[in-house]
Structures are given as C-alpha cells and as structure tokens.
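What follows draws every value from the coordinates through simple rules; no lab data is involved. Quick caveat: nothing in here was measured; it's all calculated off a predicted structure. Positions of Cβ are backbone-derived with ideal geometry, glycine not excepted, and every protein chain shown enters the neighbour counts.
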Amino acid sequence: MKPQSTYPRRVSSLAVLQALRRFPEEKAPATLLPAVLQRVGLADTYWRLESPIGPVYIAHSRAGISMVSRAKSSAQFERNFAKRYGRAVHPETAAPPAAIRTLIRRLRSGERPKLQFDLRGLSEFERAVLMKALEIPDGEVRPYTWIAREIGRPEAVRAVGTALGKNPVPLLIPCHRVVRSDGRIGQYSMGGTRNKRTLLTVEGAHPETIERLGGRGIRFLGNEKGHSFCYPTCGGIETLVQSNKIAFRSEREARRAGYHPCQQCRPAMAS
Amino acid sequence: MTLEQALPASLALDLDGCFEQLVSHYQDRLYSFAYRLTRNREDAEEVAQDAFVRAYRALKAYPSERIRSLSMRAWLYQITLNVTRNRLRGKKLRLVSMSAPNRNEAAAAFDAPDNPERQPDSVLEKKERRANLAELVATLPERYRSTLILRYVEGLSLEEVAAILKQPLGTVKSNAHRAVVALRELISQSRHAEVKS
C-alpha cells in the first residue's frame, strides 16, 4: 500500500517555512503588565484625599508610599507621576488605610502611625534628610541647620533645603516643619509659603509666634527649673511661650548663662 | 542604540526603574511564544506572567555585570520555555505525542467545524488553514515543537536556539529539519483525511 499516491498534493518544505514565518504575533492581554508589576511589587496605585490644603493624590506601591502631590485632576497627577518616575500609576480600588486618612485630614496625629515609604531612586543623603524630618513632632518646627547637624553633615544646610524640596511624599514626611533659623517660614514645594503656614497653623505650631520670636532675634528659650534651653516650639509652643522662659539669642549666650541643650529637641550638640 | 540594546545596561543600573519597560517591550513576543507552545490563551497568559516574575527575581539576584552581558531576548525565551515545560509536566497538558490518537483530531481541525460546506478558495479558508497549521504544530512532540517555533516562527538563529534549549548545534539542526518533515507529513495526512471524508 502506498498511501502517498492518494494525497491530493504534497506540501513543500518552503511553503511550510513561509507559512510559519507568517504566523501573526499575538497581542498580550492588557491585564498582563499590571499583573506582573503587582506580583513583583512594582505597581503603583493612588488615592485622592482631602487635606487642609485641598485635595491631594497619594500613590503607593508594595514598597510603600511613593508620591504625595497636589494636582488639578487625576489625569494631571498621573502625568506628574509618570514624569517623575517613568512608570505608570493607576487608581486604587481599595479604600486607603485609616492611618493615612486621619493623618491627611488633620495632620496633627497623636499616634504617629508608622508608614512605609517607597524612596527608591533617592540618594543616601536625601533619604537621611527625609528620615530626620520624620522625627519632628507635630506642633513643632526645626531649622534646616538642625537636620544638617543631626545627620552629621553640618555644612550641608543648602543641600538639606534642596533634598526637602524634592521630598516625594510631603505631608506624610513633614518637610513643612522645617523652617529657617531666623524664624522665617521659608519655602514649600507643595504650594509655597502660604500652604506651609496653613499646615503649621492646623498642627498648632503658631507660625506667627515663631516669626515674631525670630524677628526679635530669639533662637532659644531657657527653662529655669532644669537649666536647659530649647527650640521655641519644643513640647508645643503654647506651654513654652506662656510659661516663664528666658530668651537666648544664641547657643553661646545660653551656655554662658549656665544652660545646657535640651535632650528632647537637641538645639545644639551636647558638650 | 535601540531600546533592546540599551535595556540590559539600564536594568543593571536600575532594575526597579526599568523593569516595566522590559515587560512592555517583550510582552507580545513572550505571550505569542507561550500561546504557540500551549495553544491556550489562559495558559499562555499565566506562563508569560510567571516568566516575567521569574525574570525579575533572577535579575534581582544577578550581579550587574551578568545582567549587562545578558542576551535578553534569548534569555526570556528560555525562561518562558522552562515555565511552559514545568506546567506541562505538572498538568499533563496537551503534551501530545506523534502516535497519540489526538492526531486525527488535529487533522480534523483542518475542516472548519461550523462550516461543513467548505468553500475551498475563500479567504476564510486561508485563515482557517493558518489556524489549523498552528494546531498541527501543537501536536508535534515537544522537542520538535520548541525547536520549530524558536527557529522558524520567532526567527532566532540556530546558535540562539541551541543556547536556549541547551543542546548541541547539531541536535538543533537535525531537530529543526525533522520538525519540518514531521509537519509536512501531518499536513499531508490532514489533507488526506479531508479528501477521504
């Protein structure tokens, strides 16, 4: 039996190869990329929340909160995000954690929830600056020089300002609590000085009082009882200003009077 | 420099920052490849997904010199192939041998099931033929199928195929040749079945 003879026609190898080459490329389903990014922890999603300075958008990935920013619309936020990180961000369907909601609404939060931040792409220095800013309690402020000294780079005051200006997660890392040594409120990446004042007011840090003291050349306030000197907002500005405090214009003046730096706000290196 | 050439260096520098680009760039190719191997869209999507996740984990662990020297396309095909093989092994999915009775089924697939009155010269039939050719490819034994797809459908060089399959060049050459012969045979048989029916 010769089955071959009954075949209608023999296909050539060339025809087979040509047919194989013409196999159309399949389009990957649109769900593939987000699913992969989600699984490896690189997908970012965002919420829109109301804050004391208007609506803000908060993006996060599995690594942590990656961006906080004001924007006119979701579309604009998505563009800003892509421009900064070169990757996409999608609306989050799940509700934001209560910790973030409370923090954003009032900013003044007694519990100080531990939040994870996604600070990939920042330098070691920038990260150190932001982590230090995170230590400033609500209702208080610190000068740029304080951060520079605390992270062991006392000469890098200007760079501290630049790093804070690049803070990808303002509000949550409270760079608005860092002011000038002379008490002036200084700049703010998220809407300028006006918004910075609003935030400090909401937190009870009394920007007017800070400015007034600074304007009079007062840098520190001394506590007679313990013979320690502090930044004016240490422990909350109300208690300090209202009680009987001795004003100092410089660290030297305070030390000469026999005062030592407070261990809470660390206005100077202990010596 | 094309994106494809630039990718290994940028991945070595900033994996998390550039990984999305890698996925966007290769997702159609890996999905197509997985689909040709499995002939099932759900399986293909899962395979492609797993392959990218594995690639990410591997890149995360590799020193940057190793990432920089990767032949990305061949490496990704290799991972996809391994993921597919593992799935097939686990699920006994569509691993069809030449002697399996499924062959008749595949040959029958040359007929359009919802179009019993065949219109031999229509464009429609051409499309079906191509789909059916893919079905026939899927019935080839795995060693022929992956060689044939990598070499002739994806258009990789014999050397690249040898590296992906971890086989000597000679084996790849002969498998590629035998795969074409086997496929011709399958086509002839399916036409034969067509004529008889």
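With Cα atoms as the point set, chain A shows a radius of gyration and Dmax of 28.4, 118 Å.
If R0 is 41 Å, the Cβ-Cβ spacing of B:Ser157 and A:Ala94 corresponds to a FRET efficiency of close to 0.30.
Taking every DSSP helix (H) stretch of at least 4 residues in chain A, weighting each as -39,500 (n - 2.57) and dividing the sum by the residue count yields a mean residue ellipticity at 222 nm of -10000 deg cm²/dmol. When A:Arg216, A:Arg48 are arranged by Cβ crowding within 10 Å, least crowded first, meaning fewest neighbours, the order is A:Arg216, A:Arg48.
Full extension of the chain segment joining A:Arg62 with A:Ser12 gains 12.6 nm, where the gain is 0.36 nm per residue of separation less the Cα-Cα distance.
Expressed as a rounded percentage, what relative contact order does chain A have, with Cα pairs under 8 Å and six or more residues apart?
13
Pairs with C-alpha atoms separated by more than 23 Å, drawn from the list A:Lys114/A:Lys225; A:Lys27/B:Lys166; A:Lys114/B:Lys60; A:Lys166/A:Lys196; A:Lys114/A:Lys166; A:Lys196/A:Lys225, are A:Lys114/A:Lys225; A:Lys27/B:Lys166; A:Lys114/B:Lys60; A:Lys196/A:Lys225. A simple count of charges around B:Val153, restricted to other residues whose Cβ falls under 9 Å of its Cβ and scoring Lys, Arg +1 and Asp, Glu -1, yields +2. As a proxy for reagent exposure, A:Met131, A:Met190, A:Met269 were ordered by neighbouring Cβ count within 10 angstrom, fewest first; the result is A:Met269, A:Met131, A:Met190.
Packing here is the average count of other Cβ atoms within 10 Å per residue, and on that basis the peptides A:18-26, B:148-156, highest first, run B:148-156, A:18-26.
With the charge dipole of chain A set up from +1 on Lys and Arg Cβ and -1 on Asp and Glu Cβ about the Cα centre, the Cα lying farthest toward the positive end among the listed residues A:Leu20, A:Ala71, A:Ile237 is that of A:Leu20. Shape summary: segment A:194-237 maps onto an equivalent ellipsoid whose semi-axes, from the alpha-carbon gyration tensor, are 22, 12, 6 Å in decreasing order.
Simple point charges give the picture: +1 on the Cβ of Lys and Arg, -1 on the Cβ of Asp and Glu, and for chain A a dipole about the Cα centre of about 840 debye. The phi torsions of segment A:79-96, fed into the Karplus equation with coefficients 6.51, -1.76 and 1.60 and a -60° offset, translate into couplings of 5, 4, 5, 4, 5, 6, 10, x, 9, 8, 9, 10, x, 7, 8, 6, 6, x Hz, rounded to whole numbers, with Gly and Pro shown as x.
Of all aspartates and glutamates in the structure, the ones whose alpha carbon falls short of 18 Å from that of B:Lys173, not counting any fewer than 8 places away in one chain, are B:Glu142, B:Glu154, B:Glu159, B:Glu160. Taking Lys and Arg as +1 and Asp and Glu as -1, the other residues whose beta-carbon sits under 13 Å from that of A:Ala95 total +1.
Summing charges over all other residues whose Cβ lies under 12 Å from the Cβ of A:Gln76, with Lys and Arg as +1 and Asp and Glu as -1, gives +4.
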